[in-house]
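The structure appears below as structure tokens.
The values are calculated or read from the model by the stated rules, or taken from the named source; none is laboratory data. These figures come from a predicted structure and were not determined experimentally. Ideal geometry is used to build each Cβ from the backbone, glycine not excepted, and the neighbour counts take in all protein chains shown. For the accessible areas, the whole protein counts, side chains as well, though only heavy atoms, and no ligand, DNA or RNA atoms are used. Shrake-Rupley method; radii C 1.70, N 1.55, O 1.52, S 1.80 Å.
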Amino acid sequence: IGSYTSPFKGVGFDFWEHRRYQPGEDVRRIDWNATARLGQIHVKLDHAEREMNALLVVDLSRSMEFTSQRLTKRELLLRVAGCLAFSAVAAQMHLGMLAFTDRVEAYLPPRQGRRQAWRILQYLWEARPQSGGTDLGVPIQFLTQRLRKTTLLFLVSDFLEGDVTSLADFQLLGHHHDLVPIVVRDPLEETLLKARGHVRLRDLEAGEEQVISLSAWN
């Protein structure tokens, strides 16, 4: 099913380790060679064999339109999504997408093939989100309720909303699925320009403005 190795352990073909047999376990998992060699009953554990699903969870909020470089964070997200999408296709994985702001903007269930990859990239290229806000709890709660099969999740966002690891749904999602956060940032978001005078900053999502003295940072 491709070269992907599941982080979960169970019945499969790729050996992981031996351990002592525990009463009530399936006797078909007993490794008799290891049992004879070690003098105690041992079972064989493998990497679980599963149908591989991958899901791109992408942030389309207004903060992703920001840039001080050649590419906006939204354009960088599109390139990241392209790399991940065609890597999943090459590994024969089923691929899906969830786009979000402070609501679910679009959801494409996992399917296999290059056509699905192009469908996802076309949506990300043409998308005009209905909202500009951000709420990372929305996609996490949606996926916790929706996903039934173990899935490789790529969460692509600037994560400016704050720490989401304390959310109960986030921990639950990471426990049942392989969750990979990908942080998209711009250097100007973390360090102000070295200059004198004042600069007016506007929050793209909330619309709030603030005047900051650059001289105070020198």
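If I take every Cα pair under 8 Å that is 6 or more residues apart in the range 33-156, average their sequence separation and divide by the length, what percent do I get for the relative contact order?
Numbers: 178 pairs, mean separation 41.1, N = 124.
RCO, the range 33-156: 33 percent.
Its Cα centre serving as origin, the range 85-178 has a Cβ charge dipole (Lys and Arg +1, Asp and Glu -1) of approximately 700 debye.
The alpha-carbon of residue 44 sits under 16 angstrom from the alpha-carbons of these aspartates and glutamates, leaving out residues fewer than 8 places away in its chain: 14, 17, 25, 26, 31. With 10 Å bins beginning at zero, the pair-distance distribution over Cα atoms of the chain amounts to 7, 26, 26, 18, 12, 7, 3, 1 %.
Over the chain, average the accessible area per residue using a 1.4 Å probe and give it in Å², no decimals. Display every interim value, and only then the final one.
Values: 13190 Å² over 218 residues.
For the chain, the per-residue accessible area is 60 Å².
Using only alpha carbon pairs under 8 Å that are at least six residues apart, calculate the relative contact order of the chain and give it in whole percent. The normalised contact order for the chain reaches 18 percent. Going by accessible surface with a 1.4 Å probe and the largest first, 44, 73, 194 read 194, 44, 73.
For the chain, what does the helix formula give at 222 nm: sum of -39500 (n - 2.57) over DSSP H segments with n ≥ 4, over the residue count, nearest 500 deg cm²/dmol? Could the numbers behind the result be given before it?
Numbers: 5 runs with 57 residues, N = 218.
Using -39500 (n - 2.57) per qualifying helix, the result is -8000 deg cm²/dmol.
Hey, any idea what % of the chain's accessible area is carbon plus sulfur with a 1.4 Å probe? Present the calculation step by step, with values, prior to reporting the outcome.
Details: 6730 of 13190 Å².
With neighbouring chains kept in place, the figure for the chain is 51 percent.
Within the same chain, aspartates and glutamates fewer than 8 places from residue 149 are excluded, and of the rest, those with a Cα less than 19 Å from its Cα are 46, 49, 51, 169, 178.
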